[in-house]
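The values are calculated or read from the model by the stated rules, or taken from the named source; none is laboratory data. Given the structure is predicted, the values throughout are model-derived calculations rather than measurements. All Cβ positions, glycine included, derive from the backbone under ideal geometry; neighbour counts span all protein chains shown. Side chains included, ligands, DNA and RNA excluded: accessible areas come from the protein's heavy atoms. Shrake-Rupley method; radii C 1.70, N 1.55, O 1.52, S 1.80 Å.
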Amino acid sequence: MKFTLSWLRDHLETTATLDEIATTLTSLGLEVEEVTDPAKDLGAFTVARVSSAEPHPNADKLRVCRVETVQGEVQVVCGAPNARTGMTGVFAPAGSHIPGTGIDLKPTKIRGVASNGMLVSEREMGLSDEHSGIIELSDEFAVGTPFATAVGLDDPVIEIALTPDRADCAGVRGIARDLAAAGLGSLKPLDTTPVEAAIPDAVAIRILDDAKEACPMFAGRLIRGVRNGPSPRWMQDRLRAIGLRPISALVDITNYVTMDLARPLHVFDADAVAGGIHVRLSRPGETLDALNGKSYTLDGEMTAVCDDRGVLGLGGIVGGVGSGCTEATRDVVIECALFDPIRTATTGRKLAIDSDARYRFERGVDPAAVRDYVEVATRWVQSLCGGEAGPVVVAGGEPAWQRSLTLRPTRVRDLGGVDVPAAEQRRILGTLGFGLSEQPDGSLAAAVPSWRGDVAGEADLVEEVLRVHGFDNIPAVSMPRLGALTRPALSPSQRRVAFARRLLADRGLLEAVTWSFLAPEVAARFGHADPELVLVNPISAELTVMRPSVLPNLIQAAGRNADRGFPDVGLYEVGPAYRDGTAEGQDRIAAGVRAGAARPRHWSGEPRPVDAFDAKADALALLAALGAPTGNLQVTRDAPDWYHPGRSGVLRLGPTVLARFGEIHPGVRERLEIKTPLVGFEVMLDQVPMPKRTGGTARPTLALSAFQPIQRDFAFVVDRSVEADRVVRAAKGADKTMIDAVTVFDVYEGTGVPEGSKSVALGVTLQPTERTLTEADIEAVAQKIVAAVSKATGATLRAG
């Protein structure tokens with residue numbers, strides 16, 4: 001929401017400075033985003049008069065001008081074709097910064113003639129692209145008048161961020177009311193005196209039965225004999241300052257009242273309206289050529305303002321070209337109506353129309369001021385365009401909005417932590433427009449004003465008192481100590497999230513933060529089936545389903561990186577995934593993807609593409625860091641179908657799935673248009689068991705054996721379907737006290753190995769702790785290993 005300082009002072013009687021107003025607005029909850037004061041940037045530029053303009057002695061297209069300035073007469077060499085004797089322009093002295101070009105002026109010589117300053121164009125001032133000539137001003141301005149004052153740019157513009165509940169502050173008057181309550185002045189009265197009808201003519205207005213909820217009230221007034229020309233300069237300046245383009249007096253009036261009073265209006269050319277005006281729901285297939293230059297096809301759920309020929313506009317959103325006002329307009333119909341906020345918002349989203357009217361109607365406008373604002377608009381039209389007004393015609397009626405709330409003065413202290421005197425509470429609420437009456441028990445009965453649809457309970461009244469009194473006045477109070485010992489702010493499971501992020505970053509992955517939503521067709525490929533995960537109000541038509549997995553967004557992010565020339569990338573995200581719509585159906589997942597080459601090109605060796613073992617290593621590293629018993633994990637092949645069926649796995653602790661890893665299924669990569677090799681992993685953080693703590697928080701003593709470890713290699717022939725992990729686990733379990741580590745260092749299929757079998761070579765490390773092993777001891781352990789592997793997998797020791 002933007003407005004100018006002078007505009008605010010039309011409603012607020014105040015002597016407060018711009019800085020005081022900006023500070024108070026933020027303290028009221030109307031956060032100031034920016035204050036723009038063009039006069040500061042344009043302070044060096046002043047009105048000047050050209051006393052003479054003679055041809056340049058050394059250039060045909062240049063003129064040597066003698067310019068009267070506030071600092072005296074100076075000589076300026078100018079190339080503008082409209083530079084001439086007697087004209088009034090804008091002078092930039094030497095040393096000033098030209099905003100439109102970014103240059104700093106210096107005294108110079110142009111073709112041998114001294115030039116001290118510049119006569120500037122609109123483009124050089126950053127006002128427009130016009131640079132065919134220098135700026136010409138009216139002779140009414142005295143030499144030395146600040147340029148900003150001459151062109152109406154001396155009015156600071158304030159921009160505030162509005163929360164959706166403060167619909168009343170979508171107009172300048174609502175903002176002024178809040179500032180008055182904060183003690184920065186007094187709210188000026190608004191003239192809503194009825195304008196007497198001078199002619200009997202009226203427009204027929206109806207609300208059809210199917211639209212009575214969509215439009216509960218519609219008021220209109222016919223004014224004949226208007227003259228539609230440009231609006232006054234002050235109105236144009238204000239509209240331009242807030243980013244609106246002046247069009248004509250009639251259109252500018254509606255825009256001005258929209259921003260001034262948070263009340264959208266519309267003006268129809270009465271001669272373009274066939275018969276009367278009626279409001280109904282649109283019919284599927286109807287079209288509207290709108291004032292924004294676009295054509296729209298309507299469905300059967302939109303609020304349509306119509307005449308006997310068809311749709312004139314969409315209620316609360318945009319009007320149509322056919323009934324718009326032009327310079328030829330002589331008779332007009334002023335519209336002031338109430339439109340359903342939800343239907344207005346839905347229509348705007350369907351048609352992708354963002355308008356100032358929609359912004360206000362979907363947040364809620366004042367339901368009690370429909371007639372008053374017709375009178376305000378009538379007064380504006382007659383003052384700027386003339387004309388004679390007919391009677392106000394109203395269809396429907398004012399909806400019930402009246403409600404009264406009770407405020408116990410002590411609740412301000414109980415809920416807000418600050419003791420505000422009861423008299424101050426009454427002053428604040430009264431200035432904000434609440435009707436107050438004191439009850440026998442000392443409480444206040446507060447009648448909520450019609451423009452405050454956001455106030456619905458006693459806590460809302462407390463909030464109003466607190467924000468106007470000042471949140472800064474709430475004392476800082478230490479939290480009570482509930483025990484002698486402090487407790488950590490985060491639980492161990494919460495600390496895991498930050499720890500997982502650090503660990504994955506240490507492994508060379510880059511953190512990504514993606515949406516928790518997916519396109520439905522992508523979500524279906526990753527296991528989505530629960531209708532509860534479909535969003536009722538999605539932020540985009542492409543993001544309508546809560547994600548069942550974190551991987552899809554990471555995969556697409558990797559694809560975007562590849563499309564932009566970065567095919568070798570590793571990404572991770574720690575965030576939620578959703579199995580169903582319940583709280584228990586939300587899982588915390590640490591997921592990652594690696595794409596392209598596992599390492600960059602290097603002279604020492606050829607790069608290799610990423611594979612499932614890279615993803616497995618990431619998953620195991622994270623599980624180990626989280627304290628999971630990785631030595632007891634089982635690897636199974638039942639990974640979800642978004643992984644490659646032969647190049648993926650699941651890490652389990654008993655029946656519990658701790659992680660999944662593998663190469664992404666080619667069909668998924670094709671669906672998401674990913675051309676590079678891609679692997680991924682998912683670690684279920686909530687499923688990883690918490691490590692058992694014994695003996696406090698100190699690390700256990702490091703136990704090192706004094707005896708040298710011994711390496712022995714074994715090669716087993718097993719069926720091709722047997723996982724190497726089963727062989728490793730069997731060998732490791734043969735003698736848990738003696739065997740320290742078992743690794744796979746070779747897998748072979750081919751000559752010397754029976755068809756349908758493979759050779760798995762293990763490296764076994766034996767670590768004695770009590771004495772040096774003899775050959776007999778080593779042989780005994782070797783026999784245990786062979787027997788255990790044979791029993792568990794059916795393997796035989798490979799000869800040779």
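Summary of values
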read-out: When residues of the range 457-503 are limited to those that are in contact (Cβ under 8 Å) with a residue 40 or more places away in the chain and part of a loop (DSSP other than H, G, I, E, B), the one nearest to Ala181 (Cα to Cα); value: Gly470
read-out: Those residues of the range 125-144 which are β-branched (Val, Ile, Thr) and open to solvent by 30 Å² or more (accessible area, probe 1.4 Å), in sequence order; value: Val143
read-out: Filter result for Pro645 (over 24 Å from Val522 (Cβ atoms) and either surrounded by fewer than 20 Cβ atoms within 10 Å (Cβ to Cβ) or not assigned by TED's automatic domain parsing to the domain that holds Gln556 (or both)); value: no
read-out: Total residues in the range 208-265, condition in a helix (DSSP H, G or I), among the hydrophobic types (A, V, I, L, M, F, W, C) and open to solvent by 10 Å² or more (accessible area, probe 1.4 Å); value: 5
read-out: Residue among Lys736, Lys758 that is open to solvent by 40 Å² or more (accessible area, probe 1.4 Å) and either modelled with pLDDT of 90 or more or out of contact with any helix residue (DSSP H, G or I) (no Cβ under 9 Å at 6 or more places or on another chain) (or both); value: Lys736
read-out: Among the residues listed as Thr163, Thr149, the single one being farther than 30 Å from Val77 by Cα and either open to solvent by 50 Å² or more (accessible area, probe 1.4 Å) or free of Cβ contacts under 8 Å to residues at least 24 places away in the same chain (or both); value: Thr163
read-out: The lone exception for Lys616 - which of (1) within 10 Å of Gly662 (Cα to Cα); (2) basic (Lys, Arg); (3) modelled with pLDDT under 90 it fails; value: (3)
read-out: Checking Gly285 against (1) of a type in the set (Gly, Ala, Ser); (2) under 17 Å from Gly396 (Cβ atoms); (3) not in a strand (DSSP E or B), the condition it does not meet; value: (2)
read-out: Residue within the range 365-374 that is closer than 21 Å to Pro232 by Cα, open to solvent by 50 Å² or more (accessible area, probe 1.4 Å) and either of a type in the set (Lys, Arg) or modelled with pLDDT under 95 (or both) present; value: no
read-out: Residue list for the range 773-794, filter: in contact with a helix residue (DSSP H, G or I) (Cβ under 8 Å, 6 or more places away or on another chain) and either exposed (fewer than 15 other Cβ atoms within 10 Å of the Cβ) or outside the structural domain of Lys732 (by TED's automatic domain parsing) (or both); value: Lys791
read-out: Verdict on Glu521 being among the acidic types (Asp, Glu) and either within 20 Å of Asn553 (Cβ to Cβ) or surrounded by fewer than 13 Cβ atoms within 10 Å (Cβ to Cβ) (or both); value: yes
read-out: Filtered residues of the range 433-446 (kept if closer than 20 Å to Ala182 by Cα, out of contact with any helix residue (DSSP H, G or I) (no Cβ under 6 Å at 6 or more places or on another chain) and surrounded by fewer than 17 Cβ atoms within 10 Å (Cβ to Cβ)); value: Gly435
read-out: Spans of strands (runs of 3 or more DSSP E) in the range 303-360 with at least 3 residues at pLDDT 95 or above and acidic (Asp, Glu); value: none
